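Everything on this sheet refers to the single structure shown next.
The values are calculated or read from the model by the stated rules, or taken from the named source; none is laboratory data. On a predicted model such as this, the values are computed, not experimentally measured, just so you know. All Cβ positions, even for glycine, are placed from backbone atoms using ideal geometry, and neighbour counts span all protein chains on display. Side chains included, ligands, DNA and RNA excluded: accessible areas come from the protein's heavy atoms. Shrake-Rupley method; radii C 1.70, N 1.55, O 1.52, S 1.80 Å.
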Amino acid sequence: MDSKTDNVCEEQVYNALFKANSKTIFNYIYYKFGNEEKAYDAVQEAFIKLWENCAKVTPHKAKAYVSTIANNLYLNVIKAEKVRLKYADKSLAISNESPEYILEEKQFHEKLEKALADLPENQRTTFLLNRIDGKKYAEIAEMENVSVKAIEKRMHLALKTLREKIEGI
Amino acid sequence: MQENYLAKWLNNELTKEELEVFKNTDEYASYKKIADASSKLQAPNFDIDKALNDSIANRPTSKDVKVIRLNPFKKLLRIAAVVLVLVTGSYFYYNSLDETLKTDLAENKSLVLPDASTVFLNADSKLSYNKNNWDENRKISLNGEAYFKVAKGKKFTVETSEGLVTVLGTQFNVENRKGFFEVTCYEGLVSVTHKNKTIKLPGGNSFLVINNEIIATEAPNTSAPSWITNESTFKSIPMLYVIQEFERQYNITVDTKNIDTNILYTGTFTNKNIELALKSICLPNQIKFKLEKNKVLLYAENAP
């Protein structure tokens, strides 16, 4: 995809870019604002812009391009809602663990969810992109248009704040 | 411990020693638990294929709208361009047309030209000129008789079927009728070109051509042609042309009987009173006249 002869205006290149990045953009906007509908619209808007400007954007710049557009779309426009995340650990549902343990886990999850919702938007976005989507710091830095060091700082602060909130320090 | 060590730890960037130290801290268990739990979270469902189809479906409409928006404007621009061409074209066309002044029988008119030169047009005459480049090219086409008072300036030319009359600033009369061409200069100098021959005509001189024959005439002793003061004056002019002038001045038909129209006539008739004019023409030549409604019969004394 990084080949210079590739053109975003080519249907195949565009579709590949869409499949590779749309989910990330969707999650990115969702982590920021906690609104699924707005996140979906942001994906549509950003990729339509990419199509309209396909001649000007090279494939390896496309990801940063769509995330910038998606981000700018709601900049200072909408209020962040509470981010709701499902717990994907299936082992919990079918485990043989004691009821106390299950209850404890449930309480922990609730605390974690609340702590995440209370994080500053840029820390939450960075943290979840790394933890859920497995994005490297460099990738997040590219999407947020900041340095890798700034992302590391956000990660560090996010983890620190989460522990303090959950443990009630 | 290095800066942002929690981020480094999640990214497996801590050195062995640092990791050992970190693992022995009280908080490690909590951090480990948060890190593990958060990685098991899930974002809301997102259907990539559906989103891609939506994205492709959204595409053409946005392109179509742009095309439709542009079209009416382009069409309008085309119409505007055509209208502009037509308007400017007709403007220049009408501007380039010559101005025309025409008199009917028994009618005189005067005209002031753009440079304040004056033209008096005698009966049944026509002149045309182009007022557009008048200052550059003072040129008048004449058919009939006119008296010119020319303002000083560039060459002033009167074009007739019989020849060219050119002056610089003067007063002169040009008469160009069928078989009759006369130029009379009252003041200044007039140049007459007739049949490729140029004649200089100083003030007080006339140039007369009747039936292609140049005829020597005496100088007029007036300062302007007599028709300006509503009289027609002739000096040794064949009766035929006198009668024709009479017809023009009174808008009437003249029949002759037993009369030699080649006899020369010297005299003046008024252009205001037909009875008096007829007497002026007839008495000296012993001709009798009979005036009817739109007709005059001239006949010799001994004829009925």
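The table for this structure:
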item: Virtual spin-label span in nm between B:ASN45 and A:ASN53, 7 Å along Cα→Cβ; result: 3.4
item: Nearest-0.05 FRET efficiency for B:PHE73 and A:GLU121, computed from C-beta distance (R0 45 Å); result: 0.55
item: Spatial extent of the range A:1-65: Rg and Dmax, with the Cα atoms as the point set, Å; result: 12.0, 38
item: Per residue accessible area of the protein assembly as shown, 1.4 Å probe, in Å²; result: 56
item: Cα-only Debye scattering, the protein assembly as shown: base-10 log of I(q)/I(0) at q = 0.06, 0.13 Å⁻¹; result: -0.53, -1.13
item: Unmatched cysteines, the protein assembly as shown - criterion: no other Cβ of a Cys under 4.7 angstrom; result: B:CYS185, B:CYS282
item: Of B:PHE148, B:PHE181, B:LEU41, farthest towards positive along the dipole that unit charges on Lys, Arg, Asp, Glu beta carbons give chain B; result: B:PHE181
item: Heavy-atom accessible surface of the protein assembly as shown: percent carbon and sulfur, 1.4 Å; result: 51
item: Theoretical gain in end-to-end length, B:ASN53 to B:ILE214 [0.36 nm per residue, Cα-Cα removed]; result: 47.8 nm
item: In the B-A interface, the accessible area buried, summed over both sides, Å² (probe 1.4 Å); result: 4100
item: Principal axis dimensions, chain B - Cα atoms, whole angstrom, descending; result: 161, 42, 32
item: Values of log10 I(q)/I(0), in the order q = 0.16 Å⁻¹, for the range A:90-167 under a Debye, Cα-only, solvent-free model; result: -0.66
item: Student exercise, chain A dipole from Lys, Arg, Asp, Glu Cβ charges, in Debye to nearest 20; result: 400
item: Rounded to 10°, Cα long-axis angle of helix B:28-39 versus longest principal axis of chain B; result: 50
item: Global geometry of the range B:100-215, whether rounded, prolate or oblate, following the gyration tensor of its Cα atoms and the 1.5 cut on a/c; result: oblate
item: Using alpha-carbon coordinates, inclination of helix A:121-131 to the longest axis of chain A, degrees; result: 90
item: Cα long-axis angle, helix B:239-250 against chain B (0 to 90 degrees, to the nearest 10); result: 50
item: Assigned charges on the beta-carbon of Lys, Arg, Asp, Glu; chain B dipole about Cα centre (debye); result: 540
item: Average beta carbon contacts from partner chains per residue of B:2-14, 10 Å cutoff; result: 5
item: Electrostatic dipole magnitude of the range B:102-186 [Cβ: Lys, Arg +1; Asp, Glu -1; Cα centre; debye, to 20]; result: 240
item: Equivalent ellipsoid dimensions for chain A as semi-axes, Å, which come from the Cα gyration tensor, largest first; result: 34, 17, 15
item: For the range B:1-146, fraction of C-alpha pairs farther apart than 27 Å, in %; result: 69
